[in-house]
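Engineer: Sharing a structure here in structure tokens format.
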Amino acid sequence: MATSTTAFEVPSTQAALLVASPAQPFTLSSTHPVPTLSNPNDILIRIEATAINPVDWKVQQYGLAGAEWPAIMGSDCAGVVVKVAEGVERVKVGDRVLHQGQYVNRGATFQQYTIANANLVAKIPSSLSFSQAATIPVALSAAAFGLYGPRVPKGGAALLPPWHVSESGKPVRKAYKGKPIVVLGGASSVGQYVIQLARLSGFAPILTTVSPHNIPLVTSLGATHPIPRSTPLSELPSVLTSLTSSPLEVVYDAVSAQETQLAGWELLSEGSEGTLVLVLPACDALKQKLAEEEKKGGKRRVISTYATVHGPVNREVGEEMYGVLAGLLERGDIKPNEVEEVPGGLAGIYEACERMKKGLVSGRKLVVRPQETTTE
Ligand SMILES: NC(=O)c1ccc[n+]([C@@H]2O[C@H](COP(=O)([O-])OP(=O)(O)OC[C@H]3O[C@@H](n4cnc5c(N)ncnc54)[C@H](OP(=O)(O)O)[C@@H]3O)[C@@H](O)[C@H]2O)c1
């Protein structure tokens, strides 16, 4: 495929972190081929920062349908465009961009170079570092698709996004002004973006559960009522009714453990049309409640969202979001997660995944810099 002239030297091989098959350890290769452009919208990115998500250790441990093995994990990317396919105009060589990678080796991010679709990247404003930018793609997708994705399996609550433009041509920024929302796990990476999008959509009050040390963080992002996560979840309905008489239409459960799923469901009052958004599959006890709801002809719903911009379900919302994301970041409407850079380049990912697996990451995102990898 013809490519634009590049000012960057692109090697033919690179460092990449491979997993031979599910449950096998990460191994570092210094001679993995740099992926090549093969589709009309392809661009090649030199990855300057990639963030660690829970899905990375889960796929390494348990595998993923459709993954190629040996597999490269990782799907948060911030870097520099070093090659573009002929005809790509949306970005050019030298641009700083962020995007969500995918679980196919040419598009994964635990390597030094990756292929992206030019229509699904956003330019990084100069106010953000590569490491800050790398905290955004996956968790923002989970937040945005859970709220604004279509009402279908793996979609979302089908709310109007804050970047939606009405027929009269005006942006609908505060479509849910004065309506309450509950975000369970507001300090998680996903929860932080849910709170920010809820603020942009006009929701108020924004209740969220967090560890006390993360209260200033979630408040700075827009949570109006941070509640210590040690508070019994059974108390949340009375906390909510003490704050507002407006019906609760959306609960976003960014934790999605059995107890938060059930508590989220109980928050949606019987007879309402509220949606509980999960980031994991519904547990059996919740499935049982859903079956009872359907039998009664109730309209409460549960959606397990799926944070990929690459599949058909959330593609339209995703493309719209990537179209406006640079502006949202530039204006500070969306702020990145707090960053902790893990040293060692790609080799730092072993330790980072272990910390995440043990629940030792709080209110921040672990980020590695693939170009700092030493392979000697
Ligand atoms: N469906 C998808 O496509 C998708 C996409 C992305 C993520 N996910 C899933 O979403 C979950 C969150 O991912 P993440 O990247 O946001 O994780 P994360 O940033 O590592 O989440 C850690 C945070 O979760 C909070 N937390 C944990 N249990 C809690 C509880 N019972 N109550 C309140 N807060 C609690 C903790 O907050 P405190 O420190 O304040 O206690 C902690 O800071 C993971 O299970 C992940 O696999 C799914």
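Engineer: Examine the range 52-63 for a residue that is more than 23 Å from A134 (Cβ to Cβ) and not in a strand (DSSP E or B), and state whether such a residue exists.
Structural biologist: Yes.
Engineer: Of the residues that make up the range 59-69, is at least one closer than 30 Å to T305 by Cβ, crowded, with 21+ Cβ neighbours inside 10 Å and of a type outside the set (G, A, S)?
Structural biologist: Initial filter on the range 59-69 (closer than 30 Å to T305 by Cβ): 59-69.
So of that shortlist, the ones also crowded, with 21+ Cβ neighbours inside 10 Å come out as 60.
Remaining after also requiring of a type outside the set (G, A, S): 60.
Checking the range 59-69: at least one residue is closer than 30 Å to T305 by Cβ, crowded, with 21+ Cβ neighbours inside 10 Å and of a type outside the set (G, A, S).
Engineer: Looking at the range 70-92, which of its residues are surrounded by 15 or more Cβ atoms within 10 Å (Cβ to Cβ), part of a loop (DSSP other than H, G, I, E, B) and small (G, A, S)?
Structural biologist: G74, S75, listed by residue number.
Engineer: Could you check the range 191-238 and list, in sequence order, the residues that are more than 8 Å from the ligand (Cβ to nearest atom) and small (G, A, S)?
Structural biologist: A198, S201, G202, A204, S220, G222, A223, S230, S234, S238
Engineer: Separate question: Residues that are among the aromatic types (F, W, Y): find the strands (runs of 3 or more DSSP E) completely inside the range 221-298 holding 1 or more of those.
Structural biologist: 250-253
Engineer: Within the range 259-271, is there a residue that is hydrophobic (A, V, I, L, M, F, W, C), under 21 Å from the mean Cα position of the chain (by Cα) and crowded, with 19+ Cβ neighbours inside 10 Å?
Structural biologist: No - not one qualifying residue is present in the range 259-271.
Engineer: Moving on to the next point. Could you go through the range 15-23 and let me know if any residue there is assigned to a loop (DSSP other than H, G, I, E, B) and either closer than 16 Å to G101 by Cβ or touching a His at 6+ places or on another chain (Cβ under 7 Å) (or both).
Structural biologist: To start, the set of residues in the range 15-23 that are assigned to a loop (DSSP other than H, G, I, E, B) comprises 20-23.
Remaining after also requiring either closer than 16 Å to G101 by Cβ or touching a His at 6+ places or on another chain (Cβ under 7 Å) (or both): none.
Checked against the condition, which is being assigned to a loop (DSSP other than H, G, I, E, B) and either closer than 16 Å to G101 by Cβ or touching a His at 6+ places or on another chain (Cβ under 7 Å) (or both), the range 15-23 yields no hits at all.
Engineer: Could you tell me which of the residues E320, E354 is assigned to a helix (DSSP H, G or I) and either assigned by TED's automatic domain parsing to the domain that holds G186 or within 17 Å of the chain's Cα centre (by Cα) (or both)?
Structural biologist: E320
Engineer: Can you name the residue in the range 17-26 that is surrounded by fewer than 14 Cβ atoms within 10 Å (Cβ to Cβ) and in contact with a strand residue (DSSP E or B) (Cβ under 9 Å, 6 or more places away or on another chain) and, of all such residues, is farthest from T373 (Cα to Cα)?
Structural biologist: Top of the filtered list is S21.
Engineer: Among the residues of the range 262-282, are any of a type in the set (D, E), more than 14 Å from the ligand (Cβ to nearest atom) and in contact with a Leu (Cβ under 9 Å, 6 or more places away or on another chain)?
Structural biologist: yes
Engineer: Determine whether S188 is in contact with a Lys or Arg (Cβ under 8 Å, 6 or more places away or on another chain) and within 8 Å of the ligand (Cβ to nearest atom).
Structural biologist: Spelling it out, it is not the case that S188 is in contact with a Lys or Arg (Cβ under 8 Å, 6 or more places away or on another chain) and within 8 Å of the ligand (Cβ to nearest atom).
Engineer: Check whether at least one residue in the range 34-43 is touching a Gly at 6+ places or on another chain (Cβ under 7 Å) and either in contact (Cβ under 8 Å) with a residue 12 or more places away in the chain or crowded, with 16+ Cβ neighbours inside 10 Å (or both), and report yes or no.
Structural biologist: Narrowing the range 34-43 to residues touching a Gly at 6+ places or on another chain (Cβ under 7 Å): 40.
Cutting the leftovers down to either in contact (Cβ under 8 Å) with a residue 12 or more places away in the chain or crowded, with 16+ Cβ neighbours inside 10 Å (or both) gives us 40.
Within the range 34-43 (the criterion being touching a Gly at 6+ places or on another chain (Cβ under 7 Å) and either in contact (Cβ under 8 Å) with a residue 12 or more places away in the chain or crowded, with 16+ Cβ neighbours inside 10 Å (or both)), the answer is yes, since at least one residue qualifies.
Engineer: For the range 340-350, check the following and say yes or no: at least one residue is within 11 Å of the ligand (Cβ to nearest atom), at pLDDT 95 or above and either more than 18 Å from H99 (Cβ to Cβ) or touching a Ser or Thr at 6+ places or on another chain (Cβ under 7 Å) (or both).
Structural biologist: No, that holds for no residue.
Engineer: Got at least one residue in the range 170-182 being aliphatic (A, V, I, L, M), surrounded by 23 or more Cβ atoms within 10 Å (Cβ to Cβ) and more than 10 Å from the ligand (Cβ to nearest atom)?
Structural biologist: So far as the range 170-182 goes, yes, one or more of its residues are aliphatic (A, V, I, L, M), surrounded by 23 or more Cβ atoms within 10 Å (Cβ to Cβ) and more than 10 Å from the ligand (Cβ to nearest atom).
Engineer: Determine, yes or no, whether S29 is surrounded by 14 or more Cβ atoms within 10 Å (Cβ to Cβ) and either without any contact (Cβ under 8 Å) to a residue 24 or more places away in the chain or assigned by TED's automatic domain parsing to the domain that holds G87 (or both).
Structural biologist: So S29 fits the description; yes.
Engineer: Next up: Looking at (1) crowded, with 21+ Cβ neighbours inside 10 Å; (2) basic (K, R); (3) in a loop (DSSP other than H, G, I, E, B), which one does K365 not meet, given that it meets all the others?
Structural biologist: Every listed condition holds for K365 apart from (3).
Engineer: Find all pairs meeting these conditions: Cβ atoms under 8 angstrom apart; at least six residues apart or on different chains; first residue within the range 164-193 and of a type in the set (D, E, K, R) and modelled with pLDDT under 85; second residue more than 9 Å from the ligand (Cβ to nearest atom) and part of a loop (DSSP other than H, G, I, E, B).
Structural biologist: R173/P162; R173/S201; R173/G202
Engineer: Based on this model, can you work out whether D333 counts as exposed (fewer than 13 other Cβ atoms within 10 Å of the Cβ) and not aliphatic (A, V, I, L, M)? Walk me through it before giving the result.
Structural biologist: Details: exposed (fewer than 13 other Cβ atoms within 10 Å of the Cβ): no; not aliphatic (A, V, I, L, M): yes.
No, not satisfied.
The values are calculated or read from the model by the stated rules, or taken from the named source; none is laboratory data. Keep in mind that this is a model prediction, so the values were computed, not measured. For neighbour counting, all protein chains shown are included, and Cβ atoms are generated from backbone atoms with ideal geometry for every residue, glycine included.
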